Each structure stands twice: as structure tokens, then as C-alpha cells.
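Structure record follows, encoded as C-alpha cells.
Values quoted throughout were computed directly from the atomic coordinates according to the rules given, and no laboratory measurement underlies them. Not measured: the values here are computed from a predicted model. Methodologically, a virtual Cβ is constructed for each residue, glycine included, from the backbone with ideal geometry; neighbour enumeration extends over all protein chains shown.
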């Protein structure tokens, strides 16, 4: 067949049908061509409906806009009444300055406001509302009635707007202030009304909008009712903590930690919650900028970073924070609902929030406290934080000094006088990971005397059930080497004792502390690794014969892509062809693990789905994993010297109250709680 030049898509289709009989010619979608006509300006009613679609999403949007107007009017008392989830009625009454008779028609007009005078005011906004669209947009899609009275008038005045059509203004009896009723919301936009949820759901959205504004202005008394039910009745308070407690109860209020910082013209203040109290989402992160509730991903990320290592995966911190700065440093006119803002120097705010919260945590004792669960009598316990975090004594800066805790390692080495049989780098402190099997108390070597045998202590030489103090320990790989997990202390040191081969019990001036030995040792090892890898790679164990490891294509690509980072944590990998890599070295502290297992375990955090993590996040994940693998496990029996070393090192590390995964390392029982549980009070 002879092919010639084909100039149209239709001819191409015919040609295809001729060559391939089973193929049908492609059908072209019809394209509608609009004739360019005269450009007309949209009528005001249509403009207002478009604006209403941007500003008024649901009844909660109406409540937010009207509440902001009441706050801007200087109201000290505001009442909100709802019916039908806000679709049937929203009534907001305040005792603000009111609206004069001549301004009432303008109040419901489009782009009319008393909050802006000229263009310069857009760059120095000090009010919550300023666009002049809210009332006009609401009135366009509802039956709106506005009544208001100013202080120097003997009577108030009223205007009614039905679907954008306003009535004449006439006098009416009314106290000083403003009342706005919004009925039959979206009555003339049935599509929008059809997409509203149930009254219960819409009421919950309204409650959230109410909560945000009520939290920002605790000095304003507010009341919210739905039908005949009072949802919130909040008196005016001077203490912000009282307003927070009114919404979220004592659990949240008692866990709040005050933070404050001033840098040039920017002031940060408010509360963050103790890591022991968290949520499964970020809805309880309340950020207020100059009295306006905002959402900012950068600041939320800074908050999450400040809790790094203090929260478990999938948990989110709680905060109530205020930012105060000159209006010229922020643009609030970037979103119709004014929820999002643009900072002039967002990086500086990020750093300020991160450093302020993190520093507060480092100078606060975050050890989880136990409280008696009233619903379970004296048998139940739960987490709690001190009633007033401002009263918690800050930990000594010297105790948290990087230089001091390295000196403490040497002191603990002399105290223990022994090392695990596992070969370890000289710079790693003495309390180190166990072999795979249970660790016998006498299978250690004297420090400075490789291969020597340490003199057994009384606790080590007389295990429970032993017939003779000279009895030799069972081999590490023997099933009988695991001591029975009984309720009796297996080892006792001057600082505490071990129970069930997994918990350490000690005391302080306030009461009793129960410590998870694995979680605490994991934190200690993580801090060691973090300090060591900050300036140099981790000590490695070179392999005499590199070990080939077969990986999946994705794993092989990840291993070679992060080759330099793996080297920093002591894992050397080289390509070997295909999806196989050679492991040339691995961390000396993991000598009890096969190199292939080490590589597979380290690749797990590198293979996480979703958004690609940062290099720092990946590195931290690897350090977390190494610390977890190397730490002592639940079921490992500790000698008295090891218990002493672990408890002594507890005070020389940052965040020793939580493991790197966010689990608490200790639970504190005060003397008062113990007395109460034993009926002494």
C-alpha cells in the first residue's frame, strides 16, 4: 500500500482502519466555540454569591465572621444561639460599640468597612475582619436581620435583608450593642445547602470555630447554646489556663508547660503539653497570631521537631501558643478566610519556636508521674504531669552539659570495674549491649585487663536457687542461662534493684521510680551515638571477607543512594552487580548480629513510603534503630554494678525520661500517692 502525506486527523483515522481492520477511527470530542461578545460587568447579586462561596462555606463560617466582628467592636459579653446546626438560625448578640443609624445600610453592603481607610492600612491590619465582605455575603444567601444601638442614641435601629434585598432602616428597642440573626442559610443556593452535613456535624464545626476565638480572647465572656441546651458558658477570666481548662478539662490543663521568649519585635508565649499527654492528630495545636487563629505548616513542623524523640510514632503534640509581632511583619490578606498568613521571616519564627520549646523541655523534669485512677480505686494508675509545671525545678545545666556527661562515663567505668565480654570501642562507655543470649553476671572482664575475670559480688555469686556460690554460669547459648522471671529482686545495688529482669526500682526525694531498663539504655546509647557521629563516623568492624547481600531492587537503590550516610553509622556497602551489594564493615557495637541482618534492619527506615524524609530524619532513624538493637532487652539479668551504672548515667543525658521512640523510660510514684494507695491518708 502506498502511503502519502495525510494532513488531517480524520484521514489518519481512515488510514488506520484500512491497515488494521479491527481498529476503529478515533472519534474527536466536539469542541464548543464561544463567540467573543461584549464584556459585561457582573451584577452585584452574582458578585455577592461568588463572594459568599469563598467566605461562607458552612454555618461555622458565619459564626466565625460574626464573632470576629463582635470582638472588633470591643464586646465584653457575647451570646450565640443556634437551631438546626446553624442552618435554621444563628443569632449573635454582643455589647460592643454598636452601629449608627446612617451606617447600618452600609454594614450589609459589599466591600464596605470601618476598619480600612486607605491602602496603607492593608499593610498594618490590627483587626480580625477588614475585607467588608462578610455581612454582604451572608445576607446574599440567607434571611438576615441586624439590630444595633450606639451609646448616645435612645433607641436602636433594624434592617432586614432577604437574599440580598434590603429593607428600609427603622427604629427598634435594643440595648447598646448589636444583634444579628441569620435564618434559612443557603435558602437560595440549594446545591450548597444539599452538601451540608447533619445538624450534629455542623454544630461540631461551629463549636470548633467558637473554641478558637474564645481561646484567643479569655477576657470576653461567651455563651453558646443550641436549642435549649447550653454548650458552653464561659465567664471572663484573666488567667488563660482557666479558659483552656474550661474547654479541655484537667487532664490537659495539668499537663501544660509555660514557654516564653522575646526576640526583637516578636514575642512567643503560651503553653505546650507534657509529652505524656498527646493526641492522634494535630487538631489540638492552637496557634494565635496577634489574636487571630492561624494554621501554618512551618510552625507545626517546628513544634513537631521540638518533640522529636519524646512522642511515639503517630502521636501529635498539644499546644496553645501566642505570637505577637508588628502587623508590618506579616501579611494576613492571602486567604479569604484569613486562616493562612505569610510571614516576612518565616525561618526566624521557625527557629524561635523550636529553640524555645526544646530549651524548656531540656530544663524541665519530664519523668512521667503516676496518678490514681478514681474509676479503679486504688488499683488503677495512669500518666499525669505535675499540677503546675512552673513549679517543677529545672534540672541542673551542669548535669546536662555535653562535657560533663562524657566525664561521667569515665567515672562509671571506674565504678563498675568491668566490661561486657562483647568487644567494644574504647570510647564507648562501659554499660553496653548484651550478646544475643542472656548475660550471666560473671561473664565480664575487668576493665584494663582483657580476658581477666572480675571478682563476683555477693549478688552475682548467689543467684536465686543456687546451691553454691562457686557454681559456674551456664553458657550464653544455653536455654538454662535465662534466670526465672520471678517477682523477687534478681540483683540489688546501692541505687536500686531489678525485678522480673526488665524493670529497675529506685527512689528519689519525692517517692519511688520504676524504670524500664531497655527504654533507658536505648536513650543512653542513642545520645552516645548522636554525640559520636556528629564529628566522625561510628567505629566499625571491618570484615576480612566482604559479605554479599541480595536485596530487592528498591533496597539496593536505597543502599547505594545513601552509601555515605550508612558509612557514618559504620556500615560499609559497595555495589557487586545486579541487586547484590557487598557489606565491607558494620558497627562494632552490633558484633552479635549478622552483617546481612544489620543491613536489612537499617534499610527499613530508608524504605518508608510517602514523602521523602530529610537526610537528618533518615540519619536519626538509623541511630534509633542501632540504639534499639544494641540496648539491653527485657529479660536480660543485670548485675548490681550494671544497675548502678545505668542509674548513674540516667542523669547525664538529655531527654532521659523518654526513649528515642517516645516511650517513657520511668514512672514516678510520689510518697503521697503511695500513702493513699496503702490507705495511710
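Quick notes
- Take every Cα pair under 8 Å whose residues are at least 6 apart in sequence, average their separation, divide by the length of segment 196-336, and the relative contact order is 21 percent.
- As a calculated quantity, the FRET efficiency between residue 531 and residue 152 at R0 = 60 Å, using C-beta atoms, amounts to about 0.30.
- Range of Cα positions in segment 528-605 per principal axis (Å), largest first: 35, 24, 17
- Relative contact order for segment 44-234, counting Cα pairs under 8 Å that sit 6 or more residues apart, in percent: 28 percent
- Based on the convex hull around the alpha carbon atoms, segment 240-357 presents an average projected area of 7.3 nm².
- Residue order, fewest to most beta carbons within 10 Å, for 365, 516: 365, 516
- Label point distance in nm, residue 225-residue 561, each placed 7 Å from Cα along Cα→Cβ: 6.0 nm
- For 639, 306, 110, 351, the sequence from fewest to most other C-beta atoms within 10 Å is 351, 110, 306, 639.
- Scoring 655-663, 284-292, 257-265 by mean Cβ neighbours within 10 Å over their residues and listing the highest first yields 655-663, 284-292, 257-265.
- Normalised by 2.2 N^0.38 Å, where N counts its residues, the alpha-carbon radius of gyration of segment 44-234 equals 0.97.
- Once the Cα-Cα distance is subtracted from the 0.36 nm per residue extended length, the residue 295 to residue 678 segment shows a gain of 133.1 nm.
- Centroid-to-centroid separation of segment 192-260 and segment 282-319 [C-alpha atoms, Å]: 19 Å
- Estimated FRET transfer efficiency when R0 is 25 angstrom, pair residue 241-residue 365 (beta carbons, to 0.05): 0.80
- Beta bridges per DSSP with both ends in segment 44-234, % antiparallel, nearest 5: 85 percent
- Burial ranking of peptide ranges 165-174, 595-604 (average Cβ count within 10 Å, highest at the top): 595-604, 165-174
- Sorted ascending by nearby beta carbons within 10 Å, beginning with the fewest, 680, 568, 523, 193 become 680, 193, 568, 523.
- Calculated over segment 545-681: convex hull of Cα atoms, volume per residue (Å³): 173 Å³
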